[in-house]
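Derivation of every value follows stated rules applied to the coordinates shown; laboratory data play no part. All of these numbers come straight from a predicted model, not from anything done at the bench. All Cβ positions, glycine included, derive from the backbone under ideal geometry; neighbour counts span all protein chains shown.
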Amino acid sequence: MKIESAVVVGAGLIGTSIALALREHGVEVALADSDPAALRLACELGAGTPLGDGPGTHPADVAVVAAPPGAVPAVLREVQDRGLAQVYTDVASVKHGVLVEAVRAGCDLATFVPGHPMGGSERNGPGAARADLFLGRSWALCPTDKTDPGAAATVAELARLCGAAPLTLDARAHDRAVALVSHAPHVAASAVAARLLEGDGNALALAGQGVRDVTRIAGGDPSMWAEILRHNTGPVADVLEAVAADLATAAQALRAEEGGTPVRGLLDRGRRGHERIPGKHGAQRTPDYAVLPVVIPDEPNALGRLFAAVGDAGVNVEDIRIDHSPGLPVGVAQLSVLPDSLPDLARALADRGWSVHP
């Protein structure tokens, strides 16, 4: 299961991030991409060296196909025909359709382990890649009954080298799961963000952290997301219809000025659903942290000085959020700490000259 060499086909955000993570563990990485500029940038970032055009004289331990869902089967068949690796995986965010097309393309399923690292960004391209992109994230593995156990073990090790936690599940179950936690939320966020096109300057000037949080993922590449959604239509539609029904019920209640019970019920269910999202260290529910707002200037090393002061106070920051102040040269760092630590941290930071608001 030890991985010493890898091939990554696709030097975008995900492929380059995987390559960078492997390079940190001394893995020899060969890169390929149809875009020469993307390949050159990924190599300059230290993600690997360009892959040759011929067949692999010494097959790599693993090859990663970092291509859009619709392109994976053809690329997989090509790299398998070239004998580039002993084991193959992909990173597409849908799995069942990819598997069906891989069978039609005549791919070798014994050496193929469908995969999906649950990490990403609203940015794309190798310039946005990070070696720690998958740190602490789940990495779905969807082996079939034809998958060689050794191949599955190799791809699980690949995930661990990238700092992720492998999670094995059926391809259809995977697609239903990502529809719920990733694909439908992206569409919902886009629907909220689209409403902002109708807002005037005064409305947008009032935008706070809430709308930024809700719409952040709407900044993703529309073409990429249209491709993803096209390959997971049924499960995404099921979730969106359920969300739409909730919203329609709430809207009708508000129109009738009887929003109390239906709307409060939706808000209560929303809060309970939010509490089910795994928190730090995979806990089922994030503990109730105390939040300490600290005003920070918009200047170099301000966060570094703040974190140094927190470290000197001997307090562990469990989470952090930064709220920006539009038009002002300051922001507010919301430091989440254990409740018992709040008084000591507030006092220590105030003694260092920080403006704290416990």
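Each of His357 and Ala245 was given a label point 7 Å from its Cα along the Cα-to-Cβ line. The distance between the two points is 4.2 nm.
Using the charge dipole of the range 5-169 (Lys, Arg: +1 at Cβ; Asp, Glu: -1 at Cβ; taken about the Cα centre), state which of Met118, Cys162, Pro73 has its Cα farthest towards the positive end. So the residue we want is Met118. Computed with the Debye formula from one identical point scatterer per Cα of the chain, without solvent, the log10 of I(q)/I(0) at q = 0.12 Å⁻¹ comes to -1.04.
Multiply the residue gap between Val211 and Ala308 by 0.36 nm, knock off their C-alpha separation, and tell me the result in nm, one decimal place. Before the final figure, lay out the partial values.
On the way: separation 97, 0.36 × 97 = 34.92 nm, distance 3.05 nm.
Taking 0.36 nm per residue and subtracting the Cα distance, the gain is 31.9 nm.
With viscosity 0.890 mPa s and temperature 25 °C, the Kirkwood radius over alpha carbon pairs of the range 5-169 converts through Stokes-Einstein to a diffusion coefficient of 161 µm²/s. Modelled spin labels at Arg255 and Asp298, positioned 7 Å past Cα toward Cβ, are 4.2 nm from each other. The charge dipole of the chain, taken about the Cα centre with unit charges on the Cβ atoms of Lys, Arg (+1) and Asp, Glu (-1), comes to about 420 debye, rounded to the nearest 20. Working from Cα positions, state the angle (0 to 90°, nearest 10) between the long axis of helix 260-275 and the longest principal axis of the chain. With both axes taken from Cα atoms, the answer is about 50 degrees.
Rg and Dmax of the range 174-280, both derived from C-alpha coordinates alone, stand at 15.5, 43 Å.
Once you've got the GNM for the chain with C-alpha springs shorter than 10 Å, pick whichever of Pro69, Pro222, Pro343 has the biggest mean-square fluctuation. The residue with the greatest mean-square fluctuation here is Pro343. Taking 20 °C and 1.002 mPa s as conditions, the range 4-103 diffuses translationally at an estimated 161 µm²/s according to Stokes-Einstein applied to its Kirkwood radius (Cα pairs).
For the range 290-356, just run the numbers: alpha carbon Rg, then divide by 2.2 N^0.38 Å, N being how many residues it has. Write down the numbers at each step before the final one.
On the way: Rg = 11.3 Å, N = 67, 2.2 N^0.38 = 10.9 Å.
Normalised by 2.2 N^0.38 Å, the Cα Rg of the range 290-356 equals 1.04.
Note on Thr49/Lys2: beta-carbon distance plugged into 1/(1 + (r/R0)^6) with R0 of 30 Å gives a FRET efficiency of 0.90. One decimal place: the segment Val291-Ser223 gains 20.6 nm when fully extended, by the rule 0.36 nm per residue minus the C-alpha distance. Could you state the angle between the C-alpha long axis of helix 233-255 and the longest principal axis of the C-alpha atoms of the chain, as a value from 0 to 90 degrees rounded to the nearest 10? Here the helix axis deviates by roughly 20 degrees. Per-residue packing, averaged as other Cβ atoms within 10 Å, sorts the ranges 105-114, 244-253, 145-154 into the order 105-114, 145-154, 244-253, beginning with the highest. Here the range 174-280 is assigned +1 on the Cβ of each Lys and Arg and -1 on the Cβ of each Asp and Glu. Its dipole about the Cα centre then comes out at about 380 debye. Taking Cα atoms, how many degrees apart are the long axis of helix 72-81 and the longest axis of the chain, rounded to 10 and kept between 0 and 90? Between helix and principal axis, roughly 40 degrees. A simple rule links phi to the HN-Hα coupling: the Karplus curve 6.51 cos²θ - 1.76 cosθ + 1.60 with θ = phi - 60°, which for the range 150-158 gives x, 5, 4, 5, 5, 5, 4, 5, 4 Hz, with x for Gly and Pro. Shown for Glu24, Glu44, Glu157: other C-beta atoms within 10 Å of each C-beta, ranked fewest to most, produce the order Glu44, Glu24, Glu157.
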